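Colleague: My questions will all concern the structure given below.
The values are calculated or read from the model by the stated rules, or taken from the named source; none is laboratory data. Treat the numbers as computed from the prediction; the structure is a model and nothing was measured. Don't worry about glycine lacking a Cβ; one is built from the backbone with ideal geometry, like all the others, and counts go over all protein chains shown. In case anyone asks, the SASA skips ligands and DNA or RNA and just uses the protein heavy atoms, side chains included. Shrake-Rupley method; radii C 1.70, N 1.55, O 1.52, S 1.80 Å.
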Amino acid sequence: MDDTGKGQRIQVFNRNGEVTAVWELSAVQSAPIQEPLISSDNEGNIYLLGRNTDGIIKLNNAGKVIEKNIAREELAALVP
């Protein structure tokens, strides 16, 4: 994940370290994601979470939003 000054983006690399895609996050959420956490699964889906995402955001392997607000209620109840 990278903050370009123009907005946040995810850079996708292959196993050889070559950039294969760049996804602008302004298409995912208009406000920059605060304190972002990122993870992936074996199918290539990406999971984003931040202080202002209202839950987990799931992206497919092309960077398109599949689902938003995953575990919203459960996460809201957690105390840091």
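Colleague: Does residue 64 satisfy the condition of being surrounded by 14 or more Cβ atoms within 10 Å (Cβ to Cβ) and not small (Gly, Ala, Ser)?
Modeller: Answer is no for this residue.
Colleague: Out of segment 22-61, which residues are at pLDDT below 90, among the small types (Gly, Ala, Ser) and at negative phi?
Modeller: Selection gives 26, 27, 30, 31.
Colleague: In segment 23-41, which residues are loosely packed, with under 12 Cβ neighbours inside 10 Å and more than 17 Å from residue 69 (Cα to Cα)?
Modeller: The answer is 41, and nothing else.
Colleague: On to the next question. Condition first: hydrophobic (A, V, I, L, M, F, W, C), surrounded by fewer than 11 Cβ atoms within 10 Å (Cβ to Cβ) and out of contact with any helix residue (DSSP H, G or I) (no Cβ under 6 Å at 6 or more places or on another chain). Can you find one or more residues in segment 6-15 that meet it?
Modeller: Yes.
Colleague: Mind checking which residues of segment 38-80 are within 15 Å of residue 12 (Cα to Cα), touching a Gly at 6+ places or on another chain (Cβ under 9 Å) and part of a strand (DSSP E or B)?
Modeller: Hit for segment 38-80 is 46, nothing else.
Colleague: Could you give me the residue pairs with C-beta distances under 9 Å whose first residue belongs to segment 38-57 and is touching a residue at least 40 places away in the same chain (Cβ under 8 Å), whose second residue is open to solvent by 60 Å² or more (accessible area, probe 1.4 Å) and of a type in the set (Val, Ile, Thr) wherever it lies, and which are 6+ apart or on separate chains?
Modeller: Matching pairs, first to second residue: none at all.
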